[in-house]
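Novice: Sharing a structure with you now.
The values are calculated or read from the model by the stated rules, or taken from the named source; none is laboratory data. What you see is a predicted model; the values in this text were computed from it and never measured. Here the Cβ is made from the backbone with ideal geometry for all residues, glycine too, and neighbour counts use every protein chain on show. Each accessible area value is taken on the protein alone, full model and side chains, heavy atoms only, with ligands, DNA and RNA left out. Shrake-Rupley method; radii C 1.70, N 1.55, O 1.52, S 1.80 Å.
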Number of protein chains: 2
Amino acid sequence: MTIDAAVTDLTGLLGDRLSRAPAVREAHGGSESHFALTLPDAVAFPETTAEVAALTRICTHHRCPVIGWGAGTSLEGHTMAVRGGVTVDFARMNRVLAVNAADMDAQVQPGLTREALNADLRATGLFFPVDPGANATLGGMASTRASGTTAVRYGTMRDNVLALEVVLADGRVIRTGTRARKSAAGYDLTGLLVGAEGTLGLITELTLRLHGQPEAVSAAICAFDSIDTAVETVIATIQMGIPMARIEFLDAATVAACNARSGAAMPLVPHLMVEFHGSPAAVTEQAEVFGEVVAAQGGAGFQWSAQAEDRARLWRMRHEAYWAILASRPGARAIVTDVCVPISRLAEAVTQTQADIAASGLSAPILGHVGDGNFHAIILIDPASPDDIARGDALAHRMVDRALRLGGTATGEHGVGVGKLPYMQAEHGDGWSVMAALKGALDPLNILNPGKLVRQGGTG
Amino acid sequence: MTIDAAVTDLTGLLGDRLSRAPAVREAHGGSESHFALTLPDAVAFPETTAEVAALTRICTHHRCPVIGWGAGTSLEGHTMAVRGGVTVDFARMNRVLAVNAADMDAQVQPGLTREALNADLRATGLFFPVDPGANATLGGMASTRASGTTAVRYGTMRDNVLALEVVLADGRVIRTGTRARKSAAGYDLTGLLVGAEGTLGLITELTLRLHGQPEAVSAAICAFDSIDTAVETVIATIQMGIPMARIEFLDAATVAACNARSGAAMPLVPHLMVEFHGSPAAVTEQAEVFGEVVAAQGGAGFQWSAQAEDRARLWRMRHEAYWAILASRPGARAIVTDVCVPISRLAEAVTQTQADIAASGLSAPILGHVGDGNFHAIILIDPASPDDIARGDALAHRMVDRALRLGGTATGEHGVGVGKLPYMQAEHGDGWSVMAALKGALDPLNILNPGKLVRQGGTG
């Protein structure tokens, strides 16, 4: 057994930081989404880059799969041990290594969570803006190219990772990028590794771009009589150059779920939640101009708040929307969709998706990062019902088909994992073969998170 | 002769759009920098992606090098035909294919220049912000990951290319990315191709991110008594979250050259040129706050102008600084350097470079994109003097060594070409081997711009 041999050698390397305990393996075999439990053979808890490199060399020697693990919050089955092997939990590599205030960057270990980083930064006047909702690790967020509510202003992980330290399949350690703000020195290896889902290397250190904590913040929620007018409001605001820090869409079904969870009494129509960051004068001006755009589109119930507690309540409601939606059908699991389309096609994509949902007989509230054209239908299914699963899969499939037809992508921010593998050929054509060629060049034995992202077969 | 056989077949494909005329070859063998004339065997002028694909298949069949050509304005010898072969001039593929105002993007052909695109966009209220100074083509700018004066606000080509159509070495045509604003659907092939300098594929179409033309613009130039105070001003401004659209540094020697060319009478001390974009109120506020920072640092001679003609004069002076510097030593050629460092190390990098310049006996005015930590010393040499060349090379070498020691990069925006090849091992370590492995995977016969960017040898 090649995996058993690897585990024996890894125990020699890590001692009791290599666990085969069923409870530990189970804790690393699941996810927050609907995928089945898929256990690794063992879980490693390295403490240094050198240990990760040694571990990877052992696994390569024995042809044993290696799967990175952050907080387990990914939604496409990225961390499922579909071919067994060793899951590498970065929980013990969770330190802030350096904060360089003048350069507005920080060097961190991959197991650090975004909330822990921001707690550490609080006194510096700086913050790390990427916010996928879950308190994910920064290594995991980089690996899935995460984004979330603030991407419309601050970008995704693609834009906020300056440099990486990475362990390659053969155990070599490379550093990609530098602390300089830009570089034209060859292929963008940082960009290639961000979003690679652990299939090209294991991230052992990140240099992140920080941003100044905004002097003033103002947030609001407002109601619209249709999806079209909500989306038109967003397009007009973007075109006027008003820099929104967040702009979130909730459909009537999502509003109903949020009402039920939070005791709010929002009208059951589409809503936008918006936030501006800047100087007090700039935020005031932006809020005024945005208010005019909303009024012109017939938006209603529009209230601003610069109070931190009001904003916290607003965004807590948004961040908990996923759980609110899950709770709206007791016992249900979610098929989470993640299409992203050009914003000019967003209203039609959402409207047609709602029609599909109605026809399916399932409940699937919609919410999304409307400034990016990215939205999620949270398709609620009974995991014991083959019929539910079939209808849910068909619904998700139609959403992706439509997104691709409209010039968009199957996944705006969640990644491929196993859930979006079936769509990669349609989205990328021969580009998917190029991805396989890159994977083959860097991981010829296919030991790094096999079964994910690229075309299967060959040595896999 | 394999190249002759390729040229014969290419003549069959392109007719008189394949030229072997010496004047045409010479026009495609030089550059604006100090590199020696290095002619291709022939120059092709394709009109369609299908022709580029057919051309590449022919060249692959005959093992004939293929070199992309935009406007010939790159500064590191990217387009030198160091192994002969066919240069592909995209001059006949220079159309705007689509402008999607609601999505703020445009699809263009690679031979379109940035000025032509912006002329086309004028009535839309949108513009393409990346501005390397030269009127480069957008295909060339993408290939070298260009940036320039506006990168501090709008990012580089890395940030402003949404999607590409690319012809691979084997003639396959792929589309990378989509018109959606973000995606997590696999490896970032767009990011890999941007900055690949034509070594992984030939770009035949680009989807570019556009921005709203700012409602108000304000610009100023001000003098400082030292490099330190100028850089401190920039750091403080960035940390306060004031969004500068441009922030340029000129040292005293550059100011002298600009004075001589333009008839201005700026004091011979370091200067900053700055520009703000936004709403009238925002620009006014930003200018005020910036003025306070400048005053606190002892900056002087500070004058704002919101007049378009004043601003045009200011930025013309900046854009022509390279020519002004060249003219300051008649007959000279330039070794252009392009280091980029963390901004906290910028003042020491510039100061130590000036000491090196003084010790070298050469003239090498310094200017740069100070908001990014990127600066250029324009090292003036007599191209007929081996001693000048040796001293200039040594100076450039010390600058790169220092930049790497300070956590920076050999090239912030010009690219590798042949000029920065000697530094790639030191900058990337094993990462440079990874680049070679990627190149080997996508261009195993090394026909795409051979001799550039990656490690030499093998089939090259």
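Novice: Distances from B:Val96 to the same residue in each other copy, label points 7 Å out along Cα→Cβ, in nm, shortest first?
Specialist: Shortest to longest, the spacings are 4.6 nm.
Novice: Which value in nm describes the separation of the simple spin-label points at A:Ala327 and B:Met240, placed 7 Å from the Cα toward the beta carbon?
Specialist: Reported label-point gap for A:Ala327 and B:Met240 is 4.5 nm.
Novice: Could you tell me the total accessible area buried at the A-B interface, probe 1.4 Å, in square angstrom to the nearest hundred?
Specialist: Working: alone 18310 and 18340 Å², together 30810 Å².
Buried area (both sides, nearest 100 Å²): 5800 Å².
Novice: Quick check: the angle from helix A:2-14's long axis to the longest principal axis of chain A, C-alpha only, nearest 10 degrees?
Specialist: Once rounded, one gets 90 degrees.
Novice: Please report the base-10 log of the normalised intensity I(q)/I(0) for chain A, using a Debye sum with one equal scatterer per alpha carbon and no solvent, at each q in 0.11, 0.12 (1/Å).
Specialist: Cα-only, vacuum Debye calculation for chain A: -0.90, -1.06.
Novice: Using only Cα atoms, tell me the angle between helix A:308-319 and the longest principal axis of chain A; keep it within 0 to 90° and round to the nearest 10.
Specialist: Tilt relative to chain A: about 60 degrees.
Novice: Given only helices, namely DSSP H runs of n ≥ 4 each adding -39500 (n - 2.57), what is the per-residue ellipticity at 222 nm of chain A, to the nearest 500 deg cm²/dmol? It would help to have the intermediate numbers written out before the result.
Specialist: Numbers: 17 runs with 173 residues, N = 460.
Helices in chain A give a 222 nm mean residue ellipticity of -11000 deg cm²/dmol.
Novice: Where both partners of a DSSP beta bridge lie in chain B, what percent of those bridges are antiparallel, to the nearest 5? Don't skip to the end; give the middle numbers.
Specialist: Details: 54 of 64 bridges.
Among the beta bridges of chain B, antiparallel pairing accounts for roughly 85 percent.
Novice: Right, another one. Taking 30 Å² as the minimum loss, tell me which residues in region B:312-361 lose that much accessible area going from the chain by itself to the full protein complex (1.4 Å probe).
Specialist: By number: B:Pro342, B:Ser344.
Novice: What is the Cα radius of gyration of the protein assembly as shown over 2.2 N^0.38 Å, N being its residue count?
Specialist: On the way: Rg = 27.4 Å, N = 920, 2.2 N^0.38 = 29.4 Å.
This ratio for the protein assembly as shown stands at 0.93.
Novice: Could you pull the copy-to-copy label distances for A:Gly133, with points set 7 Å along Cα to Cβ, in nm to one decimal and sorted shortest first?
Specialist: Distances to the matching label points in the other copies: 4.7 nm.
Novice: Going by alpha carbons, how many degrees (0 to 90, nearest 10) lie between the helix axis of B:280-296 and the longest principal axis of chain B?
Specialist: Taking Cα atoms only, the helix is inclined about 60 degrees.
Novice: In region B:238-277, what residues drop by 20 Å² or more of accessible area when the other protein chains are put back, versus the chain on its own? Use 1.4 Å, and skip ligands and nucleic acids.
Specialist: The answer is B:Ile238, B:Gln239 - residues whose exposure falls by at least 20 Å² when every protein chain is included.
Novice: In the P(r) worked out for region B:324-405, what percent of Cα pairs fall beyond 14 Å?
Specialist: Roughly 58 percent, rounded to a whole number.
Novice: Using R₀ = 41 Å, calculate the FRET efficiency as 1/(1 + (r/R₀)^6) where r is the Cβ-Cβ separation of B:Asp430 and B:Ala23; round to 0.05. Numbers along the way, then the final one.
Specialist: On the way: r = 45 Å, r/R0 = 1.09.
Efficiency, from the Cβ-Cβ distance: 0.35.
Novice: Sticking with this structure for a sec: Rounded if a/c is under 1.5, else prolate if a/b beats b/c, else oblate: with a ≥ b ≥ c from the C-alpha gyration tensor eigenvalues square-rooted, which is region A:216-323? List each step's numbers first, then the result.
Specialist: Values: a/c = 2.06, a/b = 1.26, b/c = 1.63.
It comes out oblate by the Cα gyration axes.
Novice: Then there's this: Going by accessible area, probe 1.4 Å, with all protein chains left in place, what is the ranking of A:Ile242, A:Ile247, largest first?
Specialist: Largest accessible area first, the list is A:Ile242, A:Ile247.
Novice: How would A:His78, A:His211 rank on accessible area, largest to smallest, probe 1.4 Å?
Specialist: Numbers: A:His78 10, A:His211 40 Å².
If we order A:His78, A:His211 from most to least accessible, we get A:His211, A:His78.
Novice: If you bin the C-alpha pair distances of region B:2-91 every 5 Å from 0, what whole percents do you get?
Specialist: Binned Cα distances yield the sequence 3, 17, 28, 26, 16, 8, 2, 0.
Novice: Run the numbers on region A:185-229: which residues show a drop of 50 Å² or more in accessible area, chain on its own versus all protein chains together, using a 1.4 Å probe over heavy atoms?
Specialist: A:Ala185, A:Gly186, A:Tyr187, A:Asp188, A:Leu189, A:Leu192
Novice: With charges only on Cβ, +1 for K and R and -1 for D and E, what is the dipole size of the protein assembly as shown about its Cα centre, in debye, rounded to 20?
Specialist: On the way: 72 positive and 94 negative charges, 268 e Å.
Using only the charged Cβ atoms, the result is roughly 1280 debye.
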